[in-house]
Amino acid sequence: MTTSDTLPDRLRKLKLWMQGRWKGISREARRLDETAVQTAYARWAPYYDMVFRAPLYWGRHAAVKRINALEGHVLEAGIGTGMSLPHYGKHLTVTGIDLSEAMLERARIRSAEMINIAGLICMDASDLSFPDNHFDVTVAMYVMPVVPDPAKVLSELERVTRPGGTVLLVNHFSTDHGPRAVVERWLKRYADRLGWNPEFPKSRVLRHTSMVLEDEETLAPFGLFTLMSFRKAEDPQA
Ligand SMILES: C[S@@+](CC[C@H](N)C(=O)[O-])C[C@H]1O[C@@H](n2cnc3c(N)ncnc32)[C@H](O)[C@@H]1O
């Protein structure tokens, strides 16, 4: 990526990154790809809330409502500008991480007066620096289709969640048949402009986890998004 790249160039490179082309390449090259995400979201940050507040509202609302019925310490991975933060119950402690400092900076401004935020930290969701079993609840909203290795992110969320704890994902998942599949295949060619991959089947996360999928909720708008609730197995030694 060069400084003369236009936004479409950068999004095209982000799409290549999203398609997992970084697999098998060096740590140095991977760091460069992380830089591509940071660059893309640094550009998005000033407009992100204006563009994505409404279309992604229902997923955030549904996930936070479920989390508010639980107790303890919550990790939100890929927290972005922190649009969910004002909606978490005050009985919860919330830690947020994101790869983009520009997005986090907005989350920090938003949460300046909030006393239940333990930290907003720049960190890769596929390589979390928290110890095992650290959180009661972990959640990633609209993050899986923009990371190169969604299975690794889910396994990291599972690792840092305590036994018996909850892992929530909110995502667009594509279908194999019916009119929606046709639309998703058609939309795929516009992935650059959309900023996410409309063809993202559930199998990309489900086949890599042994956690129990306890519940699935189809969400507005138009049933485009799904909330998945996983339970991490209890520790048999406990
Ligand atoms: C579509 S936005 C969703 C933001 C937020 N969850 C929301 O509901 O508005 C995706 C976010 O994931 C972050 N992200 C992308 N790759 C990441 C990674 N590997 N680790 C942590 N965050 C990542 C981006 O910086 C961006 O803030």
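The values are calculated or read from the model by the stated rules, or taken from the named source; none is laboratory data. Small disclaimer: the values here were computed from a predicted structure and weren't measured. Every residue, glycine as well, gets a Cβ built from its backbone with ideal geometry; the counts of neighbours run over all protein chains shown. To get the accessible areas, we keep the full protein, side chains included, count just its heavy atoms, and leave off ligands, DNA and RNA. Shrake-Rupley method; radii C 1.70, N 1.55, O 1.52, S 1.80 Å.
Condition first: open to solvent by less than 40 Å² (accessible area, probe 1.4 Å) and over 17 Å from the mean Cα position of the chain (by Cα). Now tell me which residues in region 96-113 satisfy that. Can you show your working first?
Taking region 96-113 as the starting set, the residues that turn out to be open to solvent by less than 40 Å² (accessible area, probe 1.4 Å) are 96-100, 102-104, 107, 111.
Once the filter is applied, which keeps residues that are open to solvent by less than 40 Å² (accessible area, probe 1.4 Å) and over 17 Å from the mean Cα position of the chain (by Cα), region 96-113 yields only Ser111.
Would you mind finding the one in Gly89, Gly96 that is small (Gly, Ala, Ser) and in a strand (DSSP E or B)? Give the derivation first.
Working: Gly89 fails: in a strand (DSSP E or B).
Unique residue meeting the criteria: Gly96.
For residues that are away from the ligand (no atom under 11 Å from the Cβ) and among the polar types (S, T, N, Q), scanning just region 44-95, find the one that is surrounded by the most Cβ atoms within 10 Å (Cβ to Cβ).
So, considering only residues that are away from the ligand (no atom under 11 Å from the Cβ) and among the polar types (S, T, N, Q), the one surrounded by the most Cβ atoms within 10 Å (Cβ to Cβ) is Thr95.
Say we look at region 115-136 and pick out the residues that are open to solvent by 20 Å² or more (accessible area, probe 1.4 Å) and polar (S, T, N, Q); which of these is farthest from the ligand (Cβ to nearest atom)?
Asn133
Does Val139 count as open to solvent by 10 Å² or more (accessible area, probe 1.4 Å) and under 20 Å from Ile79 (Cβ atoms)?
Working: open to solvent by 10 Å² or more (accessible area, probe 1.4 Å): no; under 20 Å from Ile79 (Cβ atoms): yes.
Judged against the criteria, Val139 is not a match.
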